[in-house]
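Encoded as structure tokens, the structure appears first; notes follow it.
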């Protein structure tokens with residue numbers, strides 16, 4: 001991603017160099033903007049790499065989460081003929097959570113926020 005920022009900076013520099021009406025102050029502003037955009041791209045790339053599915057969600061934590069979830073929804077899922085098996089619902093829900101949130105963030109939330117975060121995944125995973 002850094003190379004993309006450098007390429008943009010070089011293109012801007014070439015463009016500005018060929019245009020005599022651009023002052024050195026304008027060029028400095030453009031250069032600072034490109035540097036900021038490059039830093040933003042690097043930050044976003046870093047976040048995307050570090051929050052990929054399962055990063056920071058240890059296997060034993062995942063197993064415990066699925067077990068607790070399965071226990072909580074077992075009666076409701078069993079009573080609903082349209083529902084998948086409770087274990088499948090919980091596994092699918094956890095997969096969604098792991099793809100969207102880092103464990104350190106998820107664990108820092110109060111239970112109602114955790115439940116709200118899981119809710120859309122549970123709804124998508126519920127039916128067969």
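The values are calculated or read from the model by the stated rules, or taken from the named source; none is laboratory data. Quick caveat: nothing in here was measured; it's all calculated off a predicted structure. A quick note on method: Cβ atoms are made from the backbone with ideal geometry, for glycine too, and the neighbour counts reach across all protein chains shown.
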Residue count for the range 49-97, restricted to those that are at pLDDT below 95 and within 27 Å of residue 128 (Cβ to Cβ): 2
Meets criteria (touching a residue at least 24 places away in the same chain (Cβ under 8 Å) and out of contact with any helix residue (DSSP H, G or I) (no Cβ under 9 Å at 6 or more places or on another chain)) for residue 95: no
